[in-house]
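The values are calculated or read from the model by the stated rules, or taken from the named source; none is laboratory data. None of these values were measured; they are calculated from a predicted model. Quick reminder, even Gly has a Cβ in these numbers, built from the backbone with ideal geometry, and neighbours come from all protein chains shown. These accessible areas exclude ligands, DNA and RNA; they are computed on the full protein's heavy atoms, side chains included. Shrake-Rupley method; radii C 1.70, N 1.55, O 1.52, S 1.80 Å.
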Amino acid sequence: YMLKKLAEILKIKREEILAFGDAENDLEMLNAVALPIAMGNASAAVKNLCLRETLTNAQDGVAAAIDRIIAENG
């Protein structure tokens, strides 16, 4: 809920937002964004919801995913 509210306040479109998650408490947030990304150590529920998967938390998965996205969209 708060992510949607913040996006409204900042006038950021859903299509411009990505989020990373690894557990069930992240499902609402991941459902609210255009590009949900599961961490490599994520639960099955999170992985099933997400469009992409990255490395684990211990492997700096967030940084790896951001690097990949930047490279893809150069």
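From the residues in segment 35-48 that are in contact with a helix residue (DSSP H, G or I) (Cβ under 7 Å, 6 or more places away or on another chain) and under 15 Å from Ile17 (Cβ atoms), which one is surrounded by the most Cβ atoms within 10 Å (Cβ to Cβ)?
Applying the first criterion (in contact with a helix residue (DSSP H, G or I) (Cβ under 7 Å, 6 or more places away or on another chain)) to segment 35-48 yields 36-40, 43, 45-46.
Keeping just the survivors that are under 15 Å from Ile17 (Cβ atoms) gives 36-37.
On the way: Pro36: 21, Ile37: 23.
Only one residue fits best here, namely Ile37.
Look at Asn31 and say whether it is within 13 Å of the chain's Cα centre (by Cα) and open to solvent by 70 Å² or more (accessible area, probe 1.4 Å). Before the answer, list the steps.
Numbers: within 13 Å of the chain's Cα centre (by Cα): yes; open to solvent by 70 Å² or more (accessible area, probe 1.4 Å): yes.
It is true that Asn31 is within 13 Å of the chain's Cα centre (by Cα) and open to solvent by 70 Å² or more (accessible area, probe 1.4 Å).
Please work out if Ala64 is in contact with a helix residue (DSSP H, G or I) (Cβ under 6 Å, 6 or more places away or on another chain), surrounded by 13 or more Cβ atoms within 10 Å (Cβ to Cβ) and at pLDDT 95 or above. Explain how you work it out, then say what you get.
Values: in contact with a helix residue (DSSP H, G or I) (Cβ under 6 Å, 6 or more places away or on another chain): no; surrounded by 13 or more Cβ atoms within 10 Å (Cβ to Cβ): yes; at pLDDT 95 or above: yes.
No.
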